[in-house]
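No value in this document is a laboratory result; all are computed from the given coordinates. Remember, predicted model here, so these are calculated numbers, not experimental data. Cβ placement follows ideal geometry from the backbone for every residue including glycine, while neighbour counts extend to all protein chains displayed.
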Amino acid sequence: DLLLEIYRSIGEPDSLYGCGGGKVLQPLTRLRTYEHEAMWGKALVTYDLETAISSSTRQAGIIQALQNLGLCHILSIYLKGLDRENKEWCAELQELHYQAAWRNMQWDHGLPVSKGLEGPSYHESLYNALQSLRDREFSTFYESLRYARVKEVEELCKGGLESVYSLYPTLSRLQAIGELENIGELFSRSGTDRQPSEVYTKWRKHSQLLKDSDFSFQEPIMALRTVILEILMEKEMENSQRDCFRDILTKHLVEFSVLARTVKNTQLPERAIFQIKQYNPARCGVSEW
């Protein structure tokens, strides 16, 4: 198990099979292999069947599998069930709960608040920042992002240089924080001063820099952009600006769909196309997107 975790963290996918990843007798080894190969359907079934695995590991695995399959409604119902069962959440489950909440734009749920000296986690800070952006509470917005950035920089300093791959998750999170901060600056301007196309141009440039990275590092950033655009559309009062954000969202979702299909993920593109149909009037033909 230790070797499996080490090889996964340093980006040595082939070595995973050399230390037992190819053998499927042990449930946890089988699950790690499914997750490594992005076989989330098989992982979900195995998590559901293997009751001998600790409850926290099973619950975390089920949440991640549902999220990667794009089953947001089912995930929301599952989390509500866990809320009723668990009076206290472990740190890992609490973090996954916050991540699912901001991805699904569930701002009215009573989520557990971090206690202790460490303060809010990354996804809790991201959730607070997005909710503050939605409510136009910019002081709380910037405070949440500042705290999240400090924690991620501290995490980056702890990383070893034996494998740069192990630093990618932190760098991806810092990229997301930076993009959200830029949106805050745009959102705080008056309607006439906003230039949404500038933001989209920056995103395209960032995506070009990330194009050779693993999908697991690109997907969270793409998901955050989707939520940001949906918030901007929801809160924008001017029709011209709303139409502009809708056009950007459509282009973004098409790019997201293409990116997901390159790694043979068919669930996320299906969800993206469904969102495109939702946001575009019936009179718009397929050729327009």
Measuring from label point to label point, each 7 Å out along Cα→Cβ, what is the K202 to E92 span in nm? 3.5 nm
From the cross-link list K42/K202; K211/K251; K158/K251; K205/K264; K42/K158; K151/K277, the entries with a Cα-Cα span beyond 28 Å are K42/K202; K158/K251; K42/K158; K151/K277
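Could you give the length gained by full extension between M39 and K277, i.e. 0.36 nm per residue of separation minus their alpha carbon distance, to one decimal place?
82.9 nm is the gain from fully extending M39 to K277.
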Per-residue HN-Hα couplings for region 124-135 [Karplus 6.51, -1.76, 1.60; θ = phi - 60°; Hz; x = Gly/Pro]: 5, 5, 5, 4, 4, 5, 5, 5, 5, 4, 4, 8
Output for region 114-186 (equivalent-ellipsoid semi-axes, sqrt of 5λ from the C-alpha gyration tensor, Å, descending) is 24, 15, 8
Starting at the first residue of region 38-50, write each ³J(HN,Hα) from the Karplus equation 6.51 cos²θ - 1.76 cosθ + 1.60 with θ = phi - 60°, in whole Hz, x for Gly and Pro. 6, 8, 6, x, 5, 4, 4, 4, 5, 4, 5, 7, 7
Which ³J(HN,Hα) values, rounded to whole Hz and listed in residue order, are derived for region 69-74 from phi using the Karplus coefficients 6.51, -1.76 and 1.60 in 6.51 cos²θ - 1.76 cosθ + 1.60 with θ = phi - 60°, glycine and proline given as x? 7, x, 8, 5, 5, 5
Take region 189-289, compute every pairwise Cα distance, and split them into 10 Å bins from 0; I just need the percent in each bin. 14, 47, 32, 8, 0
Could you work out the Kirkwood radius for region 131-243, taking every pair of different alpha carbons, averaging 1/r and inverting it, reported in Å? 15.4 Å
